[in-house]
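Chemist: Have a look at the structure that comes next, please.
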Amino acid sequence: MILVCGSISEPVTELVCARLEAEGLGYRVLGPNASTGSTAQSTLHAQWSNGDFHRGYFSGPDWRLDVSDLTGVYFRPLQAPAASLPGLPAAAAQALQARRMAALGAIVDTLPCPVVNPVIAGMSNSSKPHQAMLIRACGFPVPATLITNDPAAALAFAAEHDDDVIYKSISGVRSIVRRFGSRQAERLPLLRHGPAQFQQRIRGADIRVHVVADRTFATRIETPSIDYRYAAGDGQPIVMRPTELPCEVERRCIALTKQLGLLFAGIDLKETRDGEYFCFEANPSPGFLFFERATGQPISTALAHLLAGKSRL
């Protein structure tokens, strides 16, 4: 039996559940209650003995699932709003929700079955600089990077790279990647309040690689937009199609996923005209629905088989 931790109203989790049903695989959903937005009707129970996980179970209003019966867990962080917990002040509701999520994460991270993905494994994405060092250790080149809150240093870095530089967030909070230009230079005094990440712009084709255990699904993305995720919003064309990776690049993607402690990852690459592959980051909870719809690649099917403990088909 498979446990899905997430909200079925969220599109990616909904796709995972739909694929499990299509494959005839049994599963249970541990997620926000439709009426309250909370997990109040769900129960988590776990016991540790001498530091080792001993036994436990998950349950909902009409089901119970023992840990020993689990073949796999799909974990997509719950986003239930604290304000949805009735009868509690907002601050207390927020604290209670944080405690619930911490408890769930602690249990998920100690389960003996495959987990997609352990909470602790996804922490590398909370610090882009830290993750970049792990990426480089797996053999990928990374763009020249500057992290600073010094406006003069940012301007010098841009000049060093012929003013062809992009900027983005340092943390795991999603941000729109933009090119650094005169408009951003005028706002540099604000940089004193918090550092940003500046990178040499690498020209070429964007490639998103979804790694599912030892399988890879690569998508080539052609668009003039700096951040392909927002091409449509920028009024820019975008073309996406499946592509094959060189064996060495595929090997590095699988090695990076394992190095990060993940079973499933979305890895962002850029292929230059010279055939070099730069790596920007590895997403531990990728929104792969966008890519599966555009290319027809069976990412969700591979994920379902992994959760069910099935071998590659």
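Chemist: With the checklist (1) under 22 Å from Ala132 (Cα atoms); (2) in contact with a Ser or Thr (Cβ under 6 Å, 6 or more places away or on another chain); (3) modelled with pLDDT of 95 or more in hand, flag the one item Gly172 doesn't pass.
Modeler: Of (1) under 22 Å from Ala132 (Cα atoms); (2) in contact with a Ser or Thr (Cβ under 6 Å, 6 or more places away or on another chain); (3) modelled with pLDDT of 95 or more, only one is false for Gly172: (3).
Each row is one residue, and each column tells you yes or no for (1) touching a strand residue (DSSP E or B) at 6+ places or on another chain (Cβ under 7 Å); (2) of a type in the set (Ser, Thr, Tyr); (3) without any contact (Cβ under 8 Å) to a residue 24 or more places away in the chain.
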position: Gly60; (1), (2), (3): yes, no, no
position: Ala92; (1), (2), (3): no, no, yes
position: Ser124; (1), (2), (3): no, yes, no
position: Ile135; (1), (2), (3): yes, no, no
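Chemist: Hey, any hits in the stretch 173-188 for a residue that's polar (S, T, N, Q) and either assigned to a helix (DSSP H, G or I) or more than 16 Å from Asp268 (Cβ to Cβ) (or both)?
Modeler: Yes, because at least one residue in the stretch 173-188 is polar (S, T, N, Q) and either assigned to a helix (DSSP H, G or I) or more than 16 Å from Asp268 (Cβ to Cβ) (or both).
Chemist: Of the residues that make up the stretch 165-182, is at least one of a type outside the set (Ser, Thr, Tyr), surrounded by 14 or more Cβ atoms within 10 Å (Cβ to Cβ), free of Cβ contacts under 8 Å to residues at least 12 places away in the same chain and under 25 Å from Ser126 (Cα atoms)?
Modeler: no
Chemist: Something else about it: May I ask you to verify whether Ala213 is touching a Leu at 6+ places or on another chain (Cβ under 7 Å), surrounded by fewer than 22 Cβ atoms within 10 Å (Cβ to Cβ) and among the small types (Gly, Ala, Ser)?
Modeler: On the way: touching a Leu at 6+ places or on another chain (Cβ under 7 Å): yes; surrounded by fewer than 22 Cβ atoms within 10 Å (Cβ to Cβ): yes; among the small types (Gly, Ala, Ser): yes.
Yes, satisfied.
Chemist: Restricting to the stretch 264-290, count the residues that are within 19 Å of Tyr74 (Cα to Cα) and surrounded by 19 or more Cβ atoms within 10 Å (Cβ to Cβ). Show your work before the answer.
Modeler: In the first step, residues of the stretch 264-290 are kept if they are within 19 Å of Tyr74 (Cα to Cα); the result is 264-267, 282-290.
From what is left, the residues that are surrounded by 19 or more Cβ atoms within 10 Å (Cβ to Cβ) are 264-267, 282-286, 288.
Residues that pass the stated criteria total 10.
Chemist: Next question. Does Ala144 satisfy being loosely packed, with under 12 Cβ neighbours inside 10 Å and hydrophobic (A, V, I, L, M, F, W, C)? Give the steps one after another, and end with the answer.
Modeler: Values: loosely packed, with under 12 Cβ neighbours inside 10 Å: no; hydrophobic (A, V, I, L, M, F, W, C): yes.
So Ala144 does not fit the description; no.
Chemist: Is there a residue being without any contact (Cβ under 8 Å) to a residue 12 or more places away in the chain and more than 30 Å from Phe280 (Cα to Cα) anywhere in the stretch 99-122?
Modeler: Yes, the stretch 99-122 contains a residue that is without any contact (Cβ under 8 Å) to a residue 12 or more places away in the chain and more than 30 Å from Phe280 (Cα to Cα).
Chemist: From the residues in the stretch 81-120 that are surrounded by 18 or more Cβ atoms within 10 Å (Cβ to Cβ) and small (Gly, Ala, Ser), which one is modelled with the lowest pLDDT?
Modeler: Across the stretch 81-120, the extreme among qualifying residues is Ala82.
Listed here are the residues, each with its yes/no results for (1) in contact (Cβ under 8 Å) with a residue 24 or more places away in the chain; (2) under 20 Å from the mean Cα position of the chain (by Cα).
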residue	(1), (2)
Leu190	no, no
Gly194	yes, no
Gly233	no, no
Arg241	yes, no
Gly266	yes, yes
Lys270	yes, yes
Phe280	yes, yes
Asn283	yes, yes
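Chemist: Here are Ala302, Ala294: which of them is part of a helix (DSSP H, G or I) and either assigned by TED's automatic domain parsing to the domain that holds Leu70 or surrounded by fewer than 17 Cβ atoms within 10 Å (Cβ to Cβ) (or both)?
Modeler: Going through Ala302, Ala294 in turn, just one is part of a helix (DSSP H, G or I) and either assigned by TED's automatic domain parsing to the domain that holds Leu70 or surrounded by fewer than 17 Cβ atoms within 10 Å (Cβ to Cβ) (or both): Ala294.
Chemist: Among the residues of the stretch 36-48, are any touching a strand residue (DSSP E or B) at 6+ places or on another chain (Cβ under 9 Å), modelled with pLDDT under 95 and among the aromatic types (Phe, Trp, Tyr)? First the steps, then the outcome.
Modeler: Going through the stretch 36-48, the residues touching a strand residue (DSSP E or B) at 6+ places or on another chain (Cβ under 9 Å) turn out to be 39, 41-48.
Checking the rest, the ones that are also modelled with pLDDT under 95 come to 39, 41-48.
Now restrict to residues that are among the aromatic types (Phe, Trp, Tyr): 48.
For the stretch 36-48, residues touching a strand residue (DSSP E or B) at 6+ places or on another chain (Cβ under 9 Å), modelled with pLDDT under 95 and among the aromatic types (Phe, Trp, Tyr): present.
Chemist: Suppose the filter is out of contact with any strand residue (DSSP E or B) (no Cβ under 7 Å at 6 or more places or on another chain), surrounded by 15 or more Cβ atoms within 10 Å (Cβ to Cβ) and charged (D, E, K, R); does Arg229 pass it? Talk me through it step by step, then tell me what you get.
Modeler: On the way: out of contact with any strand residue (DSSP E or B) (no Cβ under 7 Å at 6 or more places or on another chain): yes; surrounded by 15 or more Cβ atoms within 10 Å (Cβ to Cβ): yes; charged (D, E, K, R): yes.
So Arg229 passes the test.
Yes or no, residue by residue, for (1) among the small types (Gly, Ala, Ser); (2) farther than 30 Å from Gly296 by Cα; (3) in a loop (DSSP other than H, G, I, E, B):
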{"residue": "Phe157", "(1), (2), (3)": "no, yes, no"}
{"residue": "Gln199", "(1), (2), (3)": "no, yes, no"}
{"residue": "Arg229", "(1), (2), (3)": "no, no, no"}
{"residue": "Met240", "(1), (2), (3)": "no, no, no"}
{"residue": "Leu245", "(1), (2), (3)": "no, no, yes"}
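The values are calculated or read from the model by the stated rules, or taken from the named source; none is laboratory data. Keep in mind that what you see is a predicted model, and the values were worked out from it rather than measured. Backbone-built Cβ (ideal geometry, glycine too); neighbour counts: all protein chains shown.
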